[in-house]
Amino acid sequence: MLNHVFKKKFGQNFISDTNLLSAICEDASVGKNDNVLEIGAGAGSLTVELAKRAKMVVSYEIDKDLESHLMSLNLPNTTFVFGDIMQAKTEEIEKQFDGEYKIIANLPYYITSPIIFKFLKESKKLTSLTIMVQKEVAQRIVATKGNGDYGVLSIMVAFYGEAKIKRIVSKNMFYPKPDVDSALVTININRDKYQGIDGEKFYEFICKAFAMRRKTLKNNLIHGMASAEKIFILDENLLKKRPEEFSIEEFVDIYLKIFKEN
Ligand code: SAH
């Protein structure tokens, strides 16, 4: 039995329920041909299940106190890396795989969005993410226009792929028990969706459009953009709307109109 002092600052909420661990693997459809990146090995309970099913697993863990326990698991097709995933270069992480890979993880909740953005923007070989996140974050990930949860995260996920909530998971399934329930979300990546649009530039534009979500698109863009006069190319009726009233397709159209000649 692992004798571990749980560290809240690292978002340590472990899962031990084998049915739930199997369900995560099934929801992610892990099979013998899959390379898997896990973020946050913890005590290795999910890592063990992934290693049984996948071709190869690379698992990052920031907490060095877990190192001797994880190494003692002796998983033959698994490499543990002890360090901060946010400090690791995406390219370096990806070099460890012979091709495409999936992310499957019970994420450290304090950095959920940064992890999602990092891999969506930087990855070349990632095909899907199946991640345990706080329920509220899951709702933001899958939200569509007009919904109060709809914002930068929903739009950028929709820019790079398609997201689905696979299951809601009670906080009682974790130890230590977190304050809120969780949800397992799958994001299937589709890099062909908006080919030709620079993801980083589009992200900056969406952040500006949503800077003040109760304000109109016009107000947000006038304050946020260096060449503000360009926004008057847009129809007056569009400019009067609030950012949450635009679908991803509408935002892509607006973006292309504004940045056409740049
Ligand atoms: N997979 C395990 C643990 C999940 S808790 C389980 O489901 O039981 C999240 C884990 O992520 C913790 O072990 C925490 O130490 C680790 N972690 C937190 N921040 C991290 C970071 N920046 N890089 C790598 N691992 C991190």
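What are the pairs, 6+ residues apart or on separate chains, where a residue within segment 21-39 that is more than 11 Å from Ile104 (Cβ to Cβ) has its Cβ under 8 Å from a residue that is assigned to a strand (DSSP E or B) and of a type outside the set (Asp, Glu)? Every condition considered, the pairs that remain are Ala23/Arg167; Ala23/Leu184. Scanning segment 12-49 for residues that are closer than 22 Å to Gln134 by Cα and exposed (fewer than 14 other Cβ atoms within 10 Å of the Cβ) yields Ser16, Thr18, Asn19, Ser22, Glu26, Ser29.
When Gly40 is tested against (1) under 19 Å from Gly83 (Cβ atoms); (2) not assigned by TED's automatic domain parsing to the domain that holds Leu120, exactly one condition is not met: (2). Inside segment 83-96, residues that are out of contact with any helix residue (DSSP H, G or I) (no Cβ under 8 Å at 6 or more places or on another chain) and either surrounded by 18 or more Cβ atoms within 10 Å (Cβ to Cβ) or modelled with pLDDT under 95 (or both) make up a count of 2. Taking segment 241-252 as the range and being of a type outside the set (A, V, I, L, M), surrounded by 14 or more Cβ atoms within 10 Å (Cβ to Cβ) and under 25 Å from the mean Cα position of the chain (by Cα) as the test, the residues that pass are Pro243, Glu244, Glu245, Phe246, Ser247, Phe251.
The single residue among Lys9, Lys52 that is closer than 21 Å to Thr186 by Cβ and surrounded by fewer than 16 Cβ atoms within 10 Å (Cβ to Cβ) turns out to be Lys52. Within segment 220-248, if we keep just the residues that are out of contact with any helix residue (DSSP H, G or I) (no Cβ under 9 Å at 6 or more places or on another chain) and at pLDDT 85 or above, the residue that is farthest from Asn147 (Cα to Cα) turns out to be Asp235. Among the residues of segment 201-219, the ones that are farther than 23 Å from Gly146 by Cβ and of a type outside the set (Asp, Glu) come to 1 in all.
Just one residue in the set Ser154, Ser182, Ser170 is surrounded by fewer than 16 Cβ atoms within 10 Å (Cβ to Cβ), at pLDDT 95 or above, under 30 Å from Ser29 (Cβ atoms) and among the small types (Gly, Ala, Ser); that residue is Ser170.
The values are calculated or read from the model by the stated rules, or taken from the named source; none is laboratory data. The shown structure was predicted, so the numbers you read here are calculated from the model rather than taken from an experiment. For neighbour counting, all protein chains shown are included, and Cβ atoms are generated from backbone atoms with ideal geometry for every residue, glycine included.
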